[in-house]
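**Q** Structure below; questions to follow.
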Amino acid sequence: ELVAAPRPHSYFLVAVGLGLSLAAFLAMAMLGVSVLAALCDVSVPLLAAVPTSSAALLMLQLLSRMGQGSGASAALVDLGRSLAWALPMSPDTELLASLAVIVASWFARRKLATQRCAEDAKVSEPPHGLLPGAWELRVGSLLAFPLAASATRVLSGDSSWPVLGSAIAAVVLFLLAHHILLALKFVTEVISDGRVVCATLPASAGGGEVFVDRVCNQLRALPVSPPRPGFCPKLVSEWLTSPGWCVAPEVAVIHEVEHCGANVSGDGDLEPGMGTLMQWCGGGEEDDRRDGHGGDLEDELQGRPLLRGGSLDREDTTASVASLEEDAENGHVPGSLGGSPGHRSYSARYWRPSAVNLAHPVRVSTASAFEIRARDLVAGVACIPWLDCAVPAGVLRRIEEVLGEAVVQAHPGQLSGPLSGGRFSACFDWGTRWPWRWPSEVALKVSLGIWAAAPLDAAPGFIAFLLHVLMLGFVCAFLYNMLHLRPYVHRIDNAAIAAASLTTAIIVVLRALGDLLPLFSFALAAVAAIASVVPISAVLLAAMGLASATLDRLEVQGFQDRFLPRTISGWGHGLTGRVGSGAATSEAAASLPSIGSGCSAGGATGVERVADGHSVEVILPGQRKAFAIVLPAITRPRIVHAQFLPPVAGRAGDPEVVPPPCVAPGERARLPVPPSVLFSSSDHVVGSSGSGGTGLGQDSDFRATAPLVALLAPGRPGRLVYSEAKHNDGGGDWREAICGFFGPNGSLLAEEAEKFVEEHALAPPPATSSSSSSSAGAGRVLVVVEVLPAFAAEFMDERHGPP
């Protein structure tokens, strides 16, 4: 009679269940597109959707199972009516399907790991993210509930293969319990003895905290988070920039670097700016500052990282740029070119560390680089006092082929070790604050699966009541921990798992009550329906975020103009975008700061400014001339780029006439920097002034000295020419170096290049009163002289040449 009573909330519960079902289908479709994009080597942050997907999947599976079970309350039946599609046909099918998914993930991971090791004989180990268990534990976490439920039903006799099925089910339950205990023991040990510490990500990736090993032997790419959509609320926008949404795969095996403890100042605090630099050293070095962090584990959980600093905020960057300009204005620039008082030679005493340099304080030496097909990943930076160069992950292996190993600068958040990035990396996923979350969550899912599939209706009343109370106590304890400890970094992930836990607790109560209190059961079901909207909405937002990130990766965008400033902290800071035309252009260009991205224009049409910018491309010689390595870079000196046409017979009536210098719009200047200058671990560099040159650049300040002019010509390796004779090939002055580069047959080109250098690099700063930045910018000039191929004269029209 109570069951037949009117149920005023039934339509509401059915409507909520239908909405949950439709949202789940939409989320699965968008997640499938992102997975397909990831299989096509598109860098997609798939792990960002794991927290919300895990919570939503548990809730949907539990609702569908409890709503279709025998003896289910009417409220649960109404709520789970539209979720019948999530219920498997038989326990055998459910068990085999779940095991097949885990085996498929194992096979895919193993195949990819084998492929990575087979691509290069030097690679002796796969990336930590491809170690055994790294993928399987994450998939097992998603499928822990159906695995435990189906195994319990098979053991209870509901199986087509009683003997074989029972054996498989027993092994599955044993392995689940075994890995839960292993994960608990592993996390407790590595956290208590300090083998896993916390590091802060770069400011460009949100600046969140992640777990890293104390001793790391692999390098990740610089973490990249999806761009913030302008139409999203602030909460969602912050979620998309949290550590869980960053893409940072392993790109190289490096020589071990070790966290050696904080650089503590006299008052016991970390010294600002220098703490991160002093905390990491080579694996073979010893440091008296090293200490074992065996203190209270709760300090680790509440976000007290052992590693702070390392990322440079905007205020520090601005102060650094301002100090450079002030030094230049006050004349604190040592050195001068003999006979040319207007020129200044800039060495390490003048060039302070750039914003890029300060933001990437850890120097790592690569042992073997992985083959990376993605073109939008950056392995690190190579900084010398006058040049900041980005190192894409795709060319790191080619640099190793030239030098044997590459020394790059990285951020501490890029370091990866086998503990936090290997088998139990699911416990230390980026975006996780409490590393015990994985074993606790899997233990809850396994317990719920056993409880949901157990035939409690046939058990004695006292036994069933006791099991319901124990299950409710476990769920409530888990819910309290999720609310108190906040296992994830962001509120959306924490809200999803807390709401799913609340829904689970209500379902346990509803199953225990049955139809004894219909109105009270419908009230609880209504609360569960409202709470279930939170994880489903969160996973739907995650799917939309992944789809947006996938489209952003597929979108054609400027690598140097748009992507690098988003990826590298401090890249392109302080440079204005566009300037006017005419006579005001030179003044505006001279007033630009000494660090920038080069995204400036020199005309009214707003085209990209190149001739007097800071954005360049560094050319490194490859194993063959046709396979040179090109790296994006920004220079501290202002670039003045000139392109010369060689003497062509019949042009202007004189075969020896050199046309006026010209620069093609939209083209960046190229600098022929020797690889040993950028990627050397020592200040003493052999082969200084050119690609493969044999100059005298053996002194310690060679790498810190900015060249006077860069020379490029078809068929010849480029050359850097310095104002100081000791840095040039043969020890001659800069004029002799220019003449030697062009040779006897290029005397006219050499003369024109000398005139151009004297006009732009050696001219004294203007005596008229102007802004301090203008005076500073006038002295910091790097001339790039590029000789075009002879056939380029056929495409030149003197009427359209520069005046």
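The values are calculated or read from the model by the stated rules, or taken from the named source; none is laboratory data. Quick caveat: nothing in here was measured; it's all calculated off a predicted structure. Side chains included, ligands, DNA and RNA excluded: accessible areas come from the protein's heavy atoms. Shrake-Rupley method; radii C 1.70, N 1.55, O 1.52, S 1.80 Å.
**Q** Give the carbon-plus-sulfur fraction of the accessible surface of the stretch 102-241 in %, rounded to a whole number; probe 1.4 Å, heavy atoms of protein chains only.
**A** Answer for the stretch 102-241 is 68 percent, counting heavy atoms of protein chains only.
**Q** Kindly give the semi-axes, whole Å and largest first, of the ellipsoid equivalent to the stretch 171-248, taking each as the square root of 5 times a Cα gyration tensor eigenvalue.
**A** 31, 19, 11
**Q** In the stretch 403-447, what percent of the accessible surface is made up of carbon and sulfur (1.4 Å probe, ligands and nucleic acids excluded)?
**A** With neighbouring chains kept in place, the figure for the stretch 403-447 is 54 percent.
**Q** Under the 0.36 nm per residue contour assumption, what length would be gained going from the current alpha-carbon distance of Met28 and Ser192 to full extension?
**A** 55.1 nm
**Q** Mind checking the full-extension length gain between Asp41 and Glu238? Use 0.36 nm per residue of separation minus the Cα-Cα distance, one decimal, nm.
**A** Extra length from Asp41 to Glu238 when fully extended: 68.3 nm.
**Q** How big is the Rg/Rh ratio for the stretch 434-559, C-alpha atoms only, Rh by Kirkwood, two decimals?
**A** 1.11
**Q** Could I ask something else about it? For Glu405, list long-range residues whose amide hydrogen, built 1.01 Å from N in the peptide plane, is under 5 Å from its own amide hydrogen.
**A** Hits under the 5 Å cutoff: none.
**Q** Please report the accessible area of Met28 (heavy atoms, 1.4 Å probe, ligands and nucleic acids excluded) in Å², nearest 10.
**A** 100 Å²
**Q** Determine how large the accessible area of Phe12 is when every protein chain is in place; take a 1.4 Å probe and give Å² rounded to the nearest 10.
**A** Accessible surface of Phe12 is approximately 90 Å².
**Q** Might you tell me the accessible area per residue for the stretch 33-121, computed with a 1.4 Å probe and given in Å²?
**A** Here the residues of the stretch 33-121 average 44 Å² of exposed surface.
**Q** Amide H neighbours of Arg668 under 5 Å, at least 5 residues apart or on other chains, H built in the peptide plane: list them.
**A** Long-range HN contacts for Arg668: none found.
**Q** Okay, next question. So, for the stretch 136-191, what is the accessible surface per residue at a probe of 1.4 Å, expressed in square angstrom?
**A** 44 Å²
**Q** Taking all protein chains in place and a 1.4 Å probe, what share, in percent, of the accessible surface of the stretch 457-502 do carbon and sulfur account for?
**A** Looking at the stretch 457-502 in its full context, I get 75 percent from C and S.
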